[in-house]
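Engineer: First, the structure itself, so that you have it in front of you.
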Amino acid sequence: MILYRPVGLKELELIAEADFKAFPPRLPEQPIFYPVLNFEYAEQIARDWNTKSNSFAGFVTKFEVEDDYVKKFHVRVVGSRIHQELWVPAEELAEFNRHISGKITIEAAYYGENFKGELDPETNMPKTI
């Protein structure tokens with residue numbers, strides 16, 4: 001199954017440290033890891049929410065998880081029909097990461113007006129990635 005995950009700059013840096021093969025553990029106040037089922041929803045979060053807080057940057061990542069494994073998680077609709085999330089309990093994220101096929105890719109990048117950082121002119125990505 002192809003999934004998407006909207007992330008901020010710090011989470012993207014942690015994904016890069018894992019050679020784009022795993023998502024970082026959740027923080028104690030984050031009991032659910034929620035990748036989304038379509039690019040449009042991930043883009044909405046990255047562009048409209050992530051660019052307005054913390055690092056003022058949002059990214060859409062794309063990755064594939066083994067179909068047989070991913071079937072065990074429930075899809076939740078949290079708004080309109082495009083707002084579909086896969087809810088993975090935080091304590092299962094390490095196992096979830098082991099079922100990612102290939103690498104996590106960056107599909108889109110968005111920057112808010114308060115973003116402070118240096119971008120690579122060729123990739124439009126922060127130089128820290």
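FYI, it's all coordinate maths here, none of it is from the lab. Since the structure is predicted, the reported quantities are computational estimates derived from the model, not experimental observations. Neighbour counts run over all protein chains shown; Cβ positions are idealised from the backbone, glycine included.
Engineer: If I model a spin label as a point 7 Å beyond the Cα along the Cα-Cβ vector, how far apart are those points for residue 87 and residue 103 in nm?
Structural biologist: With each label point 7 Å from Cα toward Cβ, the separation is 3.4 nm.
Engineer: If eta is 0.890 mPa s and T is 25 °C, what Stokes-Einstein diffusion coefficient results for segment 2-111, Kirkwood Rh from Cα pairs, in µm²/s?
Structural biologist: Stokes-Einstein gives a translational diffusion coefficient of 176 µm²/s.
Engineer: Follow-up question, since we're still on this one. Can you give me the angle between helix 39-48 and the longest principal axis of the chain, using Cα atoms only, in degrees from 0 to 90, rounded to the nearest 10?
Structural biologist: With rounding to tens, the tilt is 40 degrees.
Engineer: If I stretch the segment between residue 1 and residue 40 completely, what's the gain in nm (0.36 nm per residue apart, minus their alpha carbon distance), one decimal?
Structural biologist: 12.4 nm
Engineer: Please turn the phi angles of segment 117-125 into ³J(HN,Hα) values with the Karplus equation 6.51 cos²θ - 1.76 cosθ + 1.60 (θ = phi - 60°), one per residue in order, whole Hz, x for glycine and proline.
Structural biologist: Each residue of segment 117-125 in turn: x, 9, 9, 6, x, 7, 10, 6, 10 Hz.
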